[in-house]
């Protein structure tokens, strides 16, 4: 391989470029980063909610899916399907517009926990990422529900 050995001048140039990149990132408005994160989370749940409904009603296919595959404990498939569709749509909208966004993030986080524990426990990496984003958002210092 033809690599150039690092020199002090080259290391200094790399350090200055990294420092400049960090400076640009710190000037990025935190409200905009929060909005981007909220829209990203809301989009996932909104699209999931859209697959459950036809018009204003939960489809029979969705109820059958809750009965045969999801098998959420303590709730009938009809109630679970309707609650899931309502939560995914309502909390997504509230999260994007910033109204009760912490409560909405908590609702979606609880929904993610139910999915992780009872429905798809093998998908823990996806659920961990979604949960981390909902809890921490884009903040470097705060650890709060977005």
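Throughout, read-outs are computed from the coordinates displayed, never taken from laboratory work. Quantities reported herein were computed from a predicted structural model and do not represent experimental measurements. Neighbour counts are summed over all protein chains in view; Cβ atoms, including those assigned to glycine, are modelled from backbone coordinates with ideal geometry.
Where is the GNM fluctuation largest for the chain (alpha-carbon springs, 10 angstrom cutoff): 70, 24, 120?
24
Using label points projected 7 Å from each Cα along Cα→Cβ, tell me how many nm separate residue 22 and residue 124, to one decimal.
Each label point lies 7 Å from its Cα, and together they span 3.4 nm.
Evaluate E = 1/(1 + (r/R0)^6) for residue 117 and residue 75, where r is the Cβ-Cβ distance and R0 equals 22 Å; express this FRET efficiency to the nearest 0.05.
Plugging the Cβ-Cβ distance into 1/(1 + (r/R0)^6) gives 0.95.
Taking the Cα atoms only, what angle lies between the long axis of helix 77-97 and the longest principal axis of the chain, rounded to 10 degrees?
With both axes taken from Cα atoms, the answer is about 40 degrees.
So, R0 is 30 Å and r is the distance between the beta-carbons of residue 11 and residue 33; what FRET efficiency does that work out to, to 0.05?
0.50
State, as an integer percentage, the relative contact order of the chain based on alpha-carbon contacts under 8 Å between residues 6 or more apart. Working shown, then result.
On the way: 127 pairs, mean separation 33.9, N = 146.
Normalised by residue count, the contact order of the chain is 23 percent.
Comparing 66, 15, 118, which has the greatest mean-square fluctuation in the GNM of the chain with Cα pairs linked when under 10 Å apart?
Evaluated over the chain, the most mobile residue of the options is 15.
Could you tell me how far the Cα centroid of the stretch 84-107 sits from the Cα centroid of the stretch 31-70, in Å?
After rounding, the separation between the Cα centres reads 11 Å.
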